[in-house]
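All of the numbers you see were taken from the coordinates with simple rules; none came from a lab. Computed from a predicted structure; not experimentally measured. Virtual Cβ from ideal backbone geometry, glycine too; neighbours counted across all protein chains shown.
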Amino acid sequence: MKKRCCRFITVLLIILSGCHDNDTTIDRLNYIKTVGDTNPTEALAMLDSINTEIRGESEYIQKKYDLLNIRLKDKAHILATSDITIKQLIQYFEANGYGQEKQETYYYAGSVYRDLQDMPRALDNFYTSISYAVELGDECDSLLLRNSYSNICFIQHKVQDYGKALYYAKKEYELSDKLHGNMSIPIMHVGGSYLYLDSLAEAKKWFDKAFSCISERDTITNRELMYDLICSYSYVGDTIMANKCYSIIQTLPNDTYSNSNLENLNLGTYFEFVNQTDSAINYFKRIIDDGSDKFAVYDASKHLFLLYRKKGDDKKAIHYMDIYSRTCDTLDLGKRQELAATVNNQFQYHLDKNAEIKMIEKTQKQQKRNIIIASLALTAVLLSLVFIVIKKNRHLKEMVALNRKLKSARKETDTLRNDIEAKNMELTQIIEEKEQAIKDTENAEIELQYVLFQLQEQEKELEKHKLKLAENIEQNKLFLRLIQQTEFEGKAEDVIMALKQSSTGRKNMTFAEWKELYKAVDEMYPDFKNQLIAKLGKFTAQQMQVCYLIRIGLDKPEIQNLTNLSRVTVWRWFKKYSWILTPDDIKKR
């Protein structure tokens, strides 16, 4: 007996010691996490110092360590190069974590895929993080929720969905206002979204608000925002404010992020706006030479093409147009937009589905509650009847005993016989009451069956409503797709019709007009561009222009008017690319 007690005490001490060690390790990780909120570089060094020790801990501690490592690298602006670790963390915390851990894991999964330039996956994970935050309510990590809105705004800009970007920029602004944090970044996000939606007056109002907010704070801390502002004011055409931002930038000291691609792009845009072409070209070339940020290369090559074309240097303009085209193919913005739209639709469907599930669960709970109430009522009635029967049986037993006494006292007086007759009458009345109680029980059973039948009818009605709701949802989705398709086709036909009308005379088409033509034809004939690439392989910009003009049905003289090519070249190319015309097009001619 003493040995068993000793073993029990030993095991208990070991368990308590293990729990204490786990609590100590978690406290150390939480302390490093707190340090990382203000000094992520120092926190990373602290985290690295306990790496060997952590690998001997439980799986939960190791996963918390790995998640903290990703968090600190994100805060230190160290770009992720692989998604292997975050995939493992998602799998683990999805199965074993609680709400806030899932919110944090999916948020940093979005950050990893953002660094890897996988914007659709980044959107998917940020949306999932928001879903968990909504489920947690007031218990969610509000800062992570705000940052999720901010990142979604950034990604929607990258995939050129500026309407969605404005929506999430305003969500970020509202939450930042509630948290009483730095409002400069949310304000810039709202202003930038209005800018890309061509709402210049509204955009300038938000940029002025951001400038006031930054001026009230430390401009050194808000260095990146000041560079964003100089570019933003250049786009809205506010020379005074752009020059004022440039004056402030000249006073800022150089730091780790000096001459970054973003700063070079913003300064190049500013110098292009104030007609300092050589300075603008210099800053844009730095981005091309660096080549690390494909989105920055995409913007810089476009600016360089326009600047050199304006200067009349066609050779360099074509060179940067080639870089721009290759960067477009690398980024595949059309595919990114399609995937991002799919993620947005899936997220909206997820929200609608959750609302539908909650409504169904609420209805089912109400049905269960009604069934329980009916069952309790029936049980109470049955218990009452049982009590009555038991009570009646007790009286019956007493009457039987009394009857026996009466039989043994036959020789008693006539008075006693009268008493026996009275008792017999009372016994008859009790039997009648018992029969009445049985009838009442049968009536209660009938009423219960009627209640159950009503519940079944309600369930059938609910199923009908579910089917009708599903049909309405599908009809609405189809209706929206038809509306969008109609809008796209209408715009494309307007562009092509305007071009046909202008082809009757000589016309020098601008780059923007060619771009509108390409976009219109691609919307009306989605497979045409891929068909060109498959048939021709490499082709010049002029060959591409002729092919697109043939596709919209222009004749040789009209094509010559728009391209300024020689008559021989147009006739030769028209014959060479006549495969573009479908039988229907030939009949129309």
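Sorted by average packing, counted as other Cβ atoms within 10 angstrom per residue and highest first, what order do 293-299, 76-82 take? Numbers along the way, then the final one.
Working: 293-299: 18.0, 76-82: 12.7.
Averaged packing, sorted descending, gives the order 293-299, 76-82.
How high is the relative contact order of the range 503-588? Use alpha-carbon pairs under 8 Å, at least six apart in sequence, and give a whole percent. Provide the component values of the computation, followed by the final result.
Details: 55 pairs, mean separation 32.9, N = 86.
Here the relative contact order equals 38 percent.
Which value, in debye to the nearest 20, describes the size of the charge dipole of the range 24-114 about its Cα centre when Lys and Arg Cβ atoms bear +1, Asp and Glu Cβ atoms bear -1, and nothing else is charged? Mind dumping the intermediate values first?
Numbers: 11 positive and 13 negative charges, 37 e Å.
With Lys and Arg at +1 and Asp and Glu at -1, about 180 debye.
Taking the Cβ-Cβ separation of A512 and L79 as r and a Förster radius of 41 Å, what is the calculated FRET efficiency to the nearest 0.05? Please list the in-between numbers first.
Values: r = 35 Å, r/R0 = 0.84.
Efficiency at R0 = 41 Å is approximately 0.75.
Based on the mean of other beta carbon atoms within 10 Å per residue, what is the order of 271-284, 162-175, most packed first?
On the way: 271-284: 17.1, 162-175: 19.9.
Highest to lowest by the protection proxy: 162-175, 271-284.
What FRET efficiency do you get for E224 and K575 if R0 is 41 Å and r is their Cβ-Cβ distance, rounded to the nearest 0.05? Can you show the working numbers first?
Details: r = 56 Å, r/R0 = 1.36.
E between E224 and K575, to the nearest 0.05, is 0.15.
Within the set K302/K576; K33/K63; K63/K294; K535/K575; K63/K178; K73/K209, which residue pairs have Cα atoms separated by over 21 Å?
On the way: K302/K576 31 Å; K33/K63 14 Å; K63/K294 33 Å; K535/K575 15 Å; K63/K178 32 Å; K73/K209 32 Å.
From K302/K576; K33/K63; K63/K294; K535/K575; K63/K178; K73/K209, over 21 Å: K302/K576; K63/K294; K63/K178; K73/K209.
On each of the three principal axes of the Cα atoms of the range 503-588, give max minus min coordinate, whole Å, ordered largest first.
Computed over the range 503-588, the largest-to-smallest principal extents equal 30, 28, 27 Å.
Using a 7 Å offset from the Cα along the Cα-to-Cβ direction at both T379 and E457, what is the distance between the two label points in nm, to one decimal?
The answer from the label model is 2.8 nm.
Given the peptides 548-559, 530-541, arrange them by the average over their residues of other C-beta atoms within 10 Å, most packed first.
Values: 548-559: 19.2, 530-541: 11.5.
My ranking of the peptides, most packed first, is 548-559, 530-541.
I'd like the FRET efficiency for R567 and A201, computed as 1/(1 + (r/R0)^6) with the beta carbon distance as r and R0 of 45 Å, rounded to 0.05.
Values: r = 48 Å, r/R0 = 1.08.
It comes to 0.40.
Given points 7 Å out from each Cα along the Cα-Cβ axis, report the E57 to T34 separation in nanometres with one decimal.
A separation of 1.6 nm, rounded to one decimal place.
Once the piece of chain linking D494 and F539 is laid out straight, how much longer is it, given 0.36 nm per residue of separation minus the C-alpha distance between them?
13.5 nm
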